[in-house]
Amino acid sequence: MIEVTKHIRDVLLNVAKKKRVYVEGNFLKLLKSPQGDVEFEEYLNICKEKDTTARKKRLQVTKQVQNQNKELVKKQEETDALMEELQIALESAKESEEVANQLREEAEKGMGKALEDLELMQKKTQFELISTIVRVALVVIIGVGLITTLMYGIALTTGADTQIIGSTWSNMFGILLTNAFSIVGTIMGVKYATEKD
C-alpha cells in the first residue's frame, strides 16, 4: 500500500473537483487514505464505484464486440459457402454451354448433310425424269418413223401412187427430227439452268 501525502491528496481532490477525473484501475487498490481523512476516504469510494462502473461498461462493450465478431464470422462462413455454390453453378453453366455448342455444331453438320442428300436426290430424280422423257420421245419418233416407212414401202411394192405418201414421208421425218432435237435441247437447257454452278 502507498501512503498518500498531503500534497498528492490535495492534487487528486482538486483534479476530481475541477476536471472530474478520478483514479482508476489496479493503481486504486494500492492507495491508502491517511487516518481520519473522511474526505479522501469518500474520494476513494467514488473512485472505486466509478472504476467498477467503467469495468462493467468495458465488459459489456467487450461482450458486444465478441458477439458481433461471432456474427461476422458466421456471416463470413455463409458468404464463403454461397460463393462456393456460385462458383460451382458458374462452372456447371460453362459446361452446359459447351455441351450446347457441341450439339449446335452437330445439328448444323447434320442439317448440311441432309441438304446435300436432298440435293443429290433431286438431281437423281431430275436425271431419271429426263431419261424417261428422252426414251419415250425416241420410242415415239422411231415408232412413227417405222410406221411411215412401212406404209411408204407397202405403197411402193403395191404400185400405188407414192407422190403424196413420199412427200408426207419426207416431211414426217423432218418434223420428227426437228422435234427430237427440240425436246433434247429443251431438256438439256432445263438441266443446266437448274444447276447451282
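The values are calculated or read from the model by the stated rules, or taken from the named source; none is laboratory data. Model, not experiment: these values are computed from the prediction. In this analysis, Cβ positions are derived from the backbone assuming ideal geometry, glycine residues included, and neighbour counts consider all displayed protein chains.
Computed values, structure above
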{"item": "Boolean, residue 104 is under 19 Å from residue 180 (Cβ atoms), without any contact (Cβ under 8 Å) to a residue 12 or more places away in the chain and charged (D, E, K, R)", "result": "no"}
{"item": "Criterion violated by residue 35 - all others in (1) modelled with pLDDT of 80 or more; (2) not in a helix (DSSP H, G or I) satisfied", "result": "(1)"}
{"item": "Of the criteria (1) of a type outside the set (A, V, I, L, M); (2) in contact (Cβ under 8 Å) with a residue 12 or more places away in the chain; (3) not in a helix (DSSP H, G or I), which one residue 161 fails", "result": "(2)"}
{"item": "All positions within region 144-192 that are out of contact with any Ser or Thr (no Cβ under 6 Å at 6 or more places or on another chain) and of a type in the set (Gly, Ala, Ser)", "result": "145, 153, 159, 160, 166, 167, 170, 174, 180, 182, 185, 189"}
